[in-house]
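Participant: Could you have a look at this structure, given as C-alpha cells, before my questions?
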Amino acid sequence: MGVDILSYIFSFVVYVLLQGLVLNHINFLGDVNPYLYVLFILHLPTGCNRTMVQILAFLLGLSIDFFSGTIGVNAGATLLMGFLKPHMDKIFSPREDNKMIVPGFRTYGTNTFIQYASILVLAHHIALFTLSAFTFDKLHLVLFKGVCSTLFTLLLIFIIEYYRSKRRIDD
C-alpha cells in the first residue's frame, strides 16, 4: 500500500513537471496542446474514494494552473473530470466489484479503454477551453480546440498505454 502511494506521488510530480515545463510549450496548429497530465486521473484505481479523486483532481489542476499562469481554469476542468471518473468507472469497468482496478489496455481492454479515455479527455478539454474563453460567442473555436487537443492528447495516451501494456506482458 505504501509503495502504491509513493508511486502515485511520484507520478503526480512527474506529470505536473512534464506538463508545466515541456508540454505547455508545444503549440501545434497555433492553439492545439497535449494535456498529458490527465493520464494521472485516468490511472487512479476504480475503487478509489470519490472525495479523494476530487481532491487529487483539484490539486493536479491547481498545480498545472500555477505553471500555466491561469487562475483555476485547469483546476475546474480536472475537477469535472474527477467528478465524472467514478461514473465512467462504473459504466466501463470489466468487473462488477470494480475494486482497485487501474484503467488501461490490459484491465479494460483496448476498445473499452479507448472509449473510456475519449469521453473523459473530451469532457476535460471542452471544459478547459470553455473556461479559458469564458464565453459561448466563440463556441466553434472552443469545440475546434477541444476536439483537436483531445485527439493529440489521446494519441500520446494511447502510445503510453501501448508500451505500458507491452511492458507488463513481458514482465
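The values are calculated or read from the model by the stated rules, or taken from the named source; none is laboratory data. Being a predicted model, the structure only gives us computed values, none of them experimental. Cβ placement follows ideal geometry from the backbone for every residue including glycine, while neighbour counts extend to all protein chains displayed.
Participant: So, in the range 129-171, how many residues would count as being among the basic types (K, R) and over 19 Å from G30 (Cβ atoms)?
Facilitator: The total comes to 4.
Participant: Give the residues of the range 74-97 that are surrounded by fewer than 21 Cβ atoms within 10 Å (Cβ to Cβ) and β-branched (V, I, T), sorted by residue number.
Facilitator: I91
Participant: Is there any pair with a first residue in the range 30-50 that is surrounded by 20 or more Cβ atoms within 10 Å (Cβ to Cβ) and a second that is outside any helix (DSSP H, G or I) and of a type in the set (G, A, S) whose Cβ atoms are under 6 Å apart and which are 6 or more apart or on different chains, and what are they?
Facilitator: The qualifying pairs are T46/S93.
Participant: Another question about this same structure. State all residues of the range 131-156 that are among the aromatic types (F, W, Y) and not in a helix (DSSP H, G or I); if no residue qualifies, say none.
Facilitator: Residues satisfying the conditions are F134, F136.
Participant: Related question: Using beta carbons and a limit of 8 Å, which pairs, at least six apart or on different chains, have the first residue in the range 139-158 and surrounded by fewer than 17 Cβ atoms within 10 Å (Cβ to Cβ) and the second one at pLDDT 90 or above and β-branched (V, I, T)?
Facilitator: L143/I126; F158/I114
Participant: I've got another one for you. Restricting attention to helices (runs of 4 or more DSSP H) lying wholly within the range 35-130, give those where 3 or more residues are of a type in the set (A, V, I, L, M, F, W, C) and over 13 Å from the mean Cα position of the chain (by Cα).
Facilitator: The helices (runs of 4 or more DSSP H) meeting that bar are 50-68, 73-92.
Participant: Does at least one position in the range 6-25 carry a residue that is within 29 Å of L143 (Cα to Cα), at pLDDT below 90 and polar (S, T, N, Q)?
Facilitator: Yes, the range 6-25 has at least one match.
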